[in-house]
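Below is one structure, written out as structure tokens, with a few remarks after it.
The values are calculated or read from the model by the stated rules, or taken from the named source; none is laboratory data. Being a predicted model, the structure only gives us computed values, none of them experimental. Neighbour counts are summed over all protein chains in view; Cβ atoms, including those assigned to glycine, are modelled from backbone coordinates with ideal geometry.
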Amino acid sequence: MTETVELPVSREHGLELLREMLRIRCFEDRCYRLYGETKIRGFLHLYNGEEAVAVGAMRSLRPTDAVVSTYREHGHAIVRGIPMPAVMAELFGKQTGCSRGRGGSMHLFDASRRFYGGNAIVAGGLPIAVGLALAQKLLRQNDITTCFFGDGAVAEGEFHESLNLASLWKLPVLFLCENNLYAMGTALDQAQAETDITTKARAYRMAAQPVDGMDVLAVETMVSRAVDEVRTGRGPILLEMRTYRFRAHSMFDPQLYRDKAEVAQWERKGPIITLTTRLKALGLMSEDDYERCEREANAEVDAAVQFAEASPWESVADLERFVYAGPVA
Amino acid sequence: MPDPLPDSRSAMSYRDAVREALRSALIADPRVFLMGEDVGRYGGSYAVSKGLLEEFGADRIRDTPLSESAFVGAGIGAALGGLKPIVEVMTVNFSLLALDQIMNNAATLSHMSGGQFNVPLVIRLATGAGRQLAAQHSHSLEGWYAHIPGLRILTPATIDDARFMLAAALACPDPVLLFEHQYLYNMEGHLTAGLEAVNLHNAAIRRAGRDVTLIAYGWSLHKSLAAAEELARTGIEAEVLDLRTLRPLDEQAIIASVRRTRRAVIVDEGWRSGSLSAEVTTRIVEQAFYDLDAPVVRVCTAEVPVPYAKHLEDAALPSPDRIVAAVRTVLESSGSP
Ligand SMILES: Cc1ncc(C[n+]2csc(CCOP(=O)(O)OP(=O)(O)O)c2C)c(N)n1
Ligand SMILES: [Mg+2]
């Protein structure tokens with residue numbers, strides 16, 4: 001089972017975690033509105049409810065470690081350190097976006113932060129993570145690759161093939177499954193004969209553990225241990241983050257497949273409420289602290305939106321740029 | 001008891017037409033079933049199968065895990081085993097995870113077994129760009145699939161074809177891929193009165209004209225019709241040919257139209273290099289070279305993975321403006337009609 005022990009926390013540390021989660025939450029809430037205003041287009045998958053995973057996980061990584069993500073990756077990108085203005089500009093399709101307007105919400109990239117992208121093909125990132133880790137191992141870099149993917153990805157052959165390869169070759173991959181119980185409208189138990197994802201990893205002789213993905217402190221502790229272990233070179237680890245998505249799958253989803261009551265129940269144990277309740281109970285923060293953190297996060301989002309608005313469009317003359325890295329003719 | 005089918009003359013969307021096609025097929029033959037990701041509880045990712053789970057039950061509207069290779073392969077097996085599966089692969093982009101099953105199994109089994117086995121499987125896929133979904137969700141790979149012997153490739157572009165091609169596909173003893181352009185689902189129209197079936201053999205002239213033939217399919221058909229409208233204002237009469245079936249191609253219809261108009265512009269959302277448009281061009285050159293008054297011109301997607309930003313995506317895709325410009329080039333290179 002997931003660990004239920006109350007982990008120790010200081011005021012400073014607690015507030016920092018809160019701030020990071022609020023940065024994502026405020027960013028996502030603004031994206032929702034901007035979609036309504038048609039500033040953001042295409043598919044938009046929001047991360048509300050899952051903030052503790054990105055925030056808790058990313059802190060243990062070094063700048064030289066590699067990160068592979070999914071199409072629900074705004075949170076991963078932001079806490080990895082991609083500047084919020086560059087992320088927002090990408091969602092606007094602007095030249096200043098972190099993928100120069102070519103990728104949009106599902107394809108955020110940043111080479112300098114070794115962020116190898118949002119991938120819009122479910123499970124498409126797992127084999128890439130295995131390859132990055134192979135390079136890290138062969139080049140003796142002492143870096144690791146962290147690979148985010150959803151519970152839906154577990155049904156794909158690429159999940160199984162990648163886990164096996166990573167384990168067989170003892171590669172430094174940390175597989176982080178964000179199990180939010182649904183793949184679009186398909187509940188985990190409608191898709192999997194065995195719903196315990198850690199069992200599947202063990203079938204490939206990989207260490208695996210479930211984690212309460214609503215508890216940012218638990219995520220932080222478990223990932224930190226796992227990262228240290230993976231870095232020793234003894235092989236990959238899988239952590240199953242048990243979490244929940246508060247909003248619709250994308251902007252086109254009327255959510256026929258789940259009850260409002262179920263969503264409300266999960267919202268009551270959401271990552272931000274869980275942390276603030278604990279910090280308040282320990283006398284480590286006040287409502288004022290919360291409001292200040294939220295204000296700061298919103299100010300950062302405001303600035304990002306202003307930057308995106310003011311940014312130029314990529315010139316149409318450059319449409320065919322970047323298809324090849326080298327000269328073509 | 002299922003509800004009666006709606007009056008075939010009432011206005012409907014392309015989406016409704018596909019849904020009615022599915023309903024009719026499910027009602028007509030108990031061996032028919034639909035399976036794919038989120039076809040049931042979610043209601044279909046494009047809301048095509050909305051309500052069908054309630055009407056036909058979970059055995060016949062079968063939600064699958066995210067396992068394209070496995071459920072397409074299972075569709076092949078079910079077809080071999082005597083059922084009539086309709087497999088929905090949410091979009092052509094994800095069909096690449098099932099490409100091995102489609103190409104190495106579905107397309108080969110009849111021939112490889114010396115005709116002992118056949119695979120009466122229908123695969124439905126949404127295709128195409130135009131919704132700012134970026135490269136991995138904007139492919140138009142129907143031309144690729146048309147490369148493969150053993151498959152039949154359909155591209156319904158009208159309400160009539162959306163409504164009736166499925167039944168014709170199910171009547172086929174071979175694997176059929178039915179490409180529904182994602183941009184067309186919201187298109188509204190009327191079924192042709194009295195129409196009860198369509199064939200899969202003939203391309204269709206959607207607009208008659210004498211000056212140039214626009215050859216298109218899918219969403220490009222509608223862009224071509226818009227271009228023809230625009231050209232008509234300046235006295236140029238374009239004929240618009242809807243290919244409907246990309247494999248086998250209705251070569252006769254293509255050649256007959258080009259012989260009449262003596263000029264051809266091919267509009268294809270696929271990339272130009274090594275493409276369906278290249279195939280159509282070659283057939284024209286092989287068979288009607290001396291009937292041409294001008295070189296064939298193609299309007300295709302720019303040779304880039306389709307970008308997210310709207311202005312870049314628009315610039316990458318065929319548009320009525322680009323088609324009009326191409327027609328003018330063709331006319332100039334042959335002297336005005
Ligand atoms: C190979 C593939 N098949 C289907 C899809 C369509 N699709 C996009 S997201 C999704 C659900 C994935 O669920 P999960 O992995 O649990 O991630 P979550 O959205 O819950 O974060 C589906 C079916 C896709 N993008 N890629
Ligand atoms: Mg999920």
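At a glance:
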| quantity | calculated |
| --- | --- |
| Residue count for region A:205-227, restricted to those that are closer than 22 Å to A:His160 by Cα, more than 16 Å from ligand 2 (Cβ to nearest atom) and buried (at least 19 other Cβ atoms within 10 Å of the Cβ) | 5 |
| Residue check, A:Glu90 within 22 Å of A:Asn179 (Cβ to Cβ) and acidic (Asp, Glu) | no |
| Matching residues, region A:163-199, being part of a helix (DSSP H, G or I) and away from ligand 1 (no atom under 14 Å from the Cβ) | A:Leu163, A:Asn164, A:Leu165, A:Ala166, A:Ser167, A:Leu168, A:Thr198, A:Thr199 |
| Neighbours by Cβ (under 6 Å, 6+ apart or cross-chain): first from region B:60-78, under 17 Å from A:Ala187 (Cβ atoms); second part of a loop (DSSP other than H, G, I, E, B) and small (Gly, Ala, Ser) | B:Ile61/B:Gly40; B:Asp63/B:Gly40 |
| Enumeration of residues in region A:169-202 that are without any contact (Cβ under 8 Å) to a residue 60 or more places away in the chain and hydrophobic (A, V, I, L, M, F, W, C) | A:Trp169, A:Leu188, A:Ala191, A:Ala193, A:Ile197, A:Ala201 |
| Lone qualifier among B:Arg244, B:Arg259 - being within 30 Å of B:Pro149 (Cβ to Cβ), surrounded by fewer than 24 Cβ atoms within 10 Å (Cβ to Cβ) and among the charged types (D, E, K, R) | B:Arg259 |
| Test result for A:Met241, part of a loop (DSSP other than H, G, I, E, B) and either among the basic types (Lys, Arg) or touching a helix residue (DSSP H, G or I) at 6+ places or on another chain (Cβ under 6 Å) (or both) | no |
| Listing of helices (runs of 4 or more DSSP H) fully contained in region B:130-239 that carry 2 or more residues being assigned by TED's automatic domain parsing to the domain that holds B:Asp250 | B:218-232 |
| Among (1) within 14 Å of chain B (Cβ to nearest Cβ); (2) touching a Leu at 6+ places or on another chain (Cβ under 6 Å), the one test that A:Ile121 misses | (2) |
| Selected residue (criterion: surrounded by the fewest Cβ atoms within 10 Å (Cβ to Cβ)) from residues of region B:288-303 that are within 14 Å of chain A (Cβ to nearest Cβ) and without any contact (Cβ under 8 Å) to a residue 40 or more places away in the chain | B:Glu303 |
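Yes or no, residue by residue, for (1) in contact with a His (Cβ under 9 Å, 6 or more places away or on another chain); (2) modelled with pLDDT under 95; (3) within 16 Å of ligand 1 (Cβ to nearest atom):
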| residue | (1), (2), (3) |
| --- | --- |
| A:Ala208 | no, no, no |
| A:Asp215 | no, no, no |
| A:Ala218 | no, no, no |
| A:Arg242 | no, no, yes |
| A:Ser250 | yes, no, yes |
